[in-house]
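Colleague: If you scroll down you'll find the structure; I have some questions about it.
The values are calculated or read from the model by the stated rules, or taken from the named source; none is laboratory data. Remember, it's a predicted structure, so these values are computed and weren't measured experimentally. Please note: Cβ atoms are built from the backbone with ideal geometry, for glycine as well, and neighbour counts cover all protein chains shown.
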Amino acid sequence: MRIILLGPPGVGKGTQAEKICEYFGFARISTGDMLRDNISRQTTLGLQAKQIMNSGELVSDEIILEIVRIRTQSDDCRVGCLFDGFPRTLPQAQALDDSPAAPDVVVDLDLDDDSIILRLCGRSVHPASGRVYHVTFSPPKIPGKDDITGEPLVRRDDDNEDTVRTRLEVFRLQTAPLKMHYSDAAEQGRVRFIGCDGGRKIEEITHQLIQEIQKLR
Ligand code: AP5
C-alpha cells in the first residue's frame, strides 16, 4: 500500500507519518527530511536546496522526482510506503501517478492558518530521526532533548513567522490544486481519498487514520 499525506505546512503530516509507519511497518518518505539530510551533509544537492528551503519556496520538480525515484526502489518500501510532503506540484503528482509507486490512498489533512503558525513557531525537531515536538502540544520529557536518544532538539530555519507565511502562500498556489487532482482520481476509482480535520488532538487523528487505512488493506 502506498499512501500520500497531503496538507499545508505544520498541519501534522510528519507527526502522523511517524505513528502510521510505526504501526503498519511502512517506509516513511519525507522529501523535506531527505533534503535536510543533504544540507547537513553539505552535498551538491543540499547546497542547491538550502537557500530555496529557507525562503519557503519549492525545490525543483526535477530534483525531487529523482530523489523519490531512487528512494522508492529501496527494499523497505515493499511492505508499503507513506509519502510525507510529496507530491507538492501537479507535475510531481502526475509523475508519481505514472510510476510503479503510484498511490493507493490519499489523506487530506486540513487546518487554519493561525493554528499552523502557532504550531510551527513552537516546534522543535530531532534531526537524525525526524521526530517532532511542540513546546505546548507535544513537549519532550526533558526540555530541549529527544525522548529516545537524549540528543539536542533544534528549531528549523524555516520555522519563523515570515517564512511560514510564504510557505502557506506557496502551498495555496502550487499544492492545494492536488486536492482536486486526487478527488477526481478517487471518483474514477484510481485512489481512495480520506478527508481529515487536522485541528483535533494528535491521538484522535492517528486513531481515525489507522482505522481507515486498516479497512482499506
Ligand atoms: P517539509 O519538511 O515537507 O515541510 P512542510 O510540508 O512545510 O511541513 P512541516 O514539516 O513544516 O509540517 P508537518 O505537516 O509535517 O507538521 P508536523 O507534524 O511537524 O518541507 C520543507 C521545505 O522543503 C519546503 O518548504 C520546500 O522548500 C522543500 N520541499 C520538501 N518537499 C518538497 C517537494 N515535494 N517539492 C518541492 N520542495 C519540497 O507538526 C507541526 C507542529 O505541530 C509540531 O510541533 C507538532 O508537535 C505539532 N502538532 C502536530 N499535530 C498536532 C495536533 N494534532 N495538535 C497540536 N499540535 C500538533
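Colleague: Regarding A93, is this residue outside any strand (DSSP E or B), within 11 Å of the ligand (Cβ to nearest atom), closer than 29 Å to G25 by Cβ and of a type in the set (G, A, S)?
Modeller: Yes.
Colleague: Which of the residues that make up segment 170-192 are surrounded by 14 or more Cβ atoms within 10 Å (Cβ to Cβ), within 15 Å of the ligand (Cβ to nearest atom) and among the charged types (D, E, K, R)?
Modeller: K179
Colleague: Give segment 170-217 a look and list any residue that's charged (D, E, K, R) and part of a helix (DSSP H, G or I), or say none.
Modeller: Once the filter is applied, which keeps residues that are charged (D, E, K, R) and part of a helix (DSSP H, G or I), segment 170-217 yields R172, K179, D184, E187, E203, E204, E212, K215.
Colleague: Mind counting the residues in segment 141-169 that are assigned to a loop (DSSP other than H, G, I, E, B) and surrounded by fewer than 18 Cβ atoms within 10 Å (Cβ to Cβ)?
Modeller: The number of residues fulfilling the criteria is 13.
Colleague: Return the only residue of P103, P140, P152 being of a type outside the set (D, E, K, R) and in contact (Cβ under 8 Å) with a residue 60 or more places away in the chain.
Modeller: Going through P103, P140, P152 in turn, just one is of a type outside the set (D, E, K, R) and in contact (Cβ under 8 Å) with a residue 60 or more places away in the chain: P103.
Colleague: Spot the failing condition for L82; the list is (1) under 21 Å from I213 (Cβ atoms); (2) in a helix (DSSP H, G or I); (3) more than 10 Å from the ligand (Cβ to nearest atom), and only one is missed.
Modeller: L82 satisfies all of (1) under 21 Å from I213 (Cβ atoms); (2) in a helix (DSSP H, G or I); (3) more than 10 Å from the ligand (Cβ to nearest atom) except (2).
Colleague: Filter segment 18-34 for residues that are over 19 Å from R155 (Cα atoms) and either within 7 Å of the ligand (Cβ to nearest atom) or loosely packed, with under 14 Cβ neighbours inside 10 Å (or both) and give the result.
Modeller: Answer for segment 18-34, where residues must be over 19 Å from R155 (Cα atoms) and either within 7 Å of the ligand (Cβ to nearest atom) or loosely packed, with under 14 Cβ neighbours inside 10 Å (or both): E22, Y23, G25.
Matching residues to (1) among the polar types (S, T, N, Q); (2) more than 17 Å from F193 (Cα to Cα); (3) within 15 Å of the chain's Cα centre (by Cα):
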| position | (1), (2), (3) |
| --- | --- |
| G85 | no, no, yes |
| R88 | no, no, yes |
| Q92 | yes, yes, yes |
| D110 | no, no, yes |
| D113 | no, yes, no |
| R119 | no, yes, yes |
| P139 | no, yes, no |
| N160 | yes, yes, no |
| F171 | no, yes, yes |
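Colleague: Within segment 86-94, can one find any residue that is surrounded by fewer than 21 Cβ atoms within 10 Å (Cβ to Cβ), modelled with pLDDT of 95 or more and of a type in the set (A, V, I, L, M, F, W, C)?
Modeller: yes
Colleague: Of all residues in segment 35-62 being more than 8 Å from the ligand (Cβ to nearest atom) and closer than 21 Å to S99 by Cβ, which is surrounded by the fewest Cβ atoms within 10 Å (Cβ to Cβ)?
Modeller: Step by step, filter segment 35-62, then rank; the result is E62.
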